[in-house]
Amino acid sequence: MRPRQAWATAGVGAALLIASGLRAQGVDRIWGTVTTVTGAQHEGFLRWDVNEASWADVLDGQRRRDTEVMDRVAGILGEEETSARAVEFLGVRISWDDDGPPPGPVEAGIRFGHLEWLEPNEGRSARIGLKGGDVVELRGGSTDLGPGLRGLVVAPPGGEPIELGWTDLARVDFRPAPTGARPTAERIFGTVTDRWGNDWTGLVSWDRDEALGSDVLDGADPDGRDHALRFETIAEIEPLFRGGARVVQRNGREWTLDGTNDVDDGHRGVQISDPSLGEIVVAWDDLDRVRFSSPPSVGGYDTFGPGADLRGVVTTDDGGRLEGRIIWDADEARSWDLLNGWIRDVELRIAFEHVARIERASSRRARVVLWDGREFELDGSNDVNDENRGILIEMEDGSWDLVDWDRFVSAQFRGR
């Protein structure tokens, strides 16, 4: 759901905090071994669905609601055990057969740095093994999973890239790139400024398509001549009010280009993968400019942990303090889960491992404070408004409580 209005608090433009001692060239890039249905194996740098190439990028999909969690909600709300199970909470009734899972998948995403392996199932789903031993099943809610996958490119250093489709895949095993392995092109990196003046810094996917410096930006100049500029040569792009975009190359040459979805309102948005936050998406109409730069040291595979239960203290409006394991929105329970929300028309997907505190700001929004000090006021998602399905807390004594949004004051998460 798009928000009508949202506000950012202090720190939105703060500089990206990144892991030290790591070189961007190769370390941030996804590496793995792909086993095909014919038994062939291909190892190298992976480019997934065109626009994901680094460990900080998000694998998107959908997952079923956890039946055990929904049963817990039903039990707390006093629902009877019947063959037709149902929960009515915050004005929403959810029902399902006792022999089957709750209806309706939920949007989900996991950053590639948490993945150990992936095995496609029939159709559009896959079993995914994570570092901590968790195994989850995601179904294609985007082109990342299923026959709609726009290709998986395996690029062995010094060898020819191999492109595979979804139906070619039997298994993908992920691990850090070997010492000394270097890709032929760097990830695109830069600072994206939205039209409200907020800066978002990280690994950039342009038009949800171009992700590497060797990719090209296409467009025609006012004389009708076509140009294809490699992103590694571009210093800045600025959308123009009258249409098209001003493109400045690193050598100082400027172009006014139009006529393709790279530089006009057919643009599908700019994704920014911030290793210390998660993912940000800025639509073309909300883009002021982007300034590209050489990637600094960014997080490699080993900077992404095995995942852990969400734990902390939930404070209620009557002064109560409930401490223990937290399941947010009756759905997100692990540190690699994503918290969704919007600042005006900018979408944020924040990994819970970076969230220090969530405060109820109103019925329609929440203040989210990260461990690095950045603060955001988010709305537009049931994660951060009164459509939240409830915050479940399992206390140390084994008892449970369910806090709805009207009762909720804040959640202070346990440090990583």
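The values are calculated or read from the model by the stated rules, or taken from the named source; none is laboratory data. For clarity, every value in this text was computed on a predicted model and none was experimentally measured. For neighbour counting, all protein chains shown are included, and Cβ atoms are generated from backbone atoms with ideal geometry for every residue, glycine included. For accessibility, only protein heavy atoms count, side chains too; no ligands or nucleic acids. Shrake-Rupley method; radii C 1.70, N 1.55, O 1.52, S 1.80 Å.
What to note about this one:
- Filter result for Val384 (on the phi < 0 side of the Ramachandran plot, in a strand (DSSP E or B), open to solvent by less than 10 Å² (accessible area, probe 1.4 Å) and touching a residue at least 24 places away in the same chain (Cβ under 8 Å)): no
- Residue that is farthest from the chain's Cα centre (by Cα) [pool: residues in the stretch 127-154 that are touching a residue at least 60 places away in the same chain (Cβ under 8 Å), open to solvent by less than 30 Å² (accessible area, probe 1.4 Å) and more than 21 Å from Phe304 (Cα to Cα)]: Val154
- Residues of the stretch 265-299 that are assigned to a helix (DSSP H, G or I) and either in contact with a strand residue (DSSP E or B) (Cβ under 6 Å, 6 or more places away or on another chain) or crowded, with 20+ Cβ neighbours inside 10 Å (or both): Asp286 alone.
- Enumeration of residues in the stretch 110-126 that are at pLDDT below 95 and surrounded by 15 or more Cβ atoms within 10 Å (Cβ to Cβ): Arg124, Ser125
- Residues of the stretch 330-379 classified as assigned to a loop (DSSP other than H, G, I, E, B), open to solvent by less than 30 Å² (accessible area, probe 1.4 Å) and more than 19 Å from Asp60 (Cα to Cα), total: 2
- Residue within the stretch 201-223 that is more than 30 Å from Gly158 (Cβ to Cβ), small (Gly, Ala, Ser) and either open to solvent by 30 Å² or more (accessible area, probe 1.4 Å) or in contact with a Cys (Cβ under 7 Å, 6 or more places away or on another chain) (or both) present: no
- The stretch 388-399, residues that are in contact (Cβ under 8 Å) with a residue 40 or more places away in the chain and either crowded, with 17+ Cβ neighbours inside 10 Å or of a type in the set (Ser, Thr, Tyr) (or both): Asn388, Arg389, Gly390, Ile391, Leu392, Ile393, Glu394
- Selection status of Leu310, open to solvent by 20 Å² or more (accessible area, probe 1.4 Å) and under 22 Å from Asn382 (Cα atoms): no
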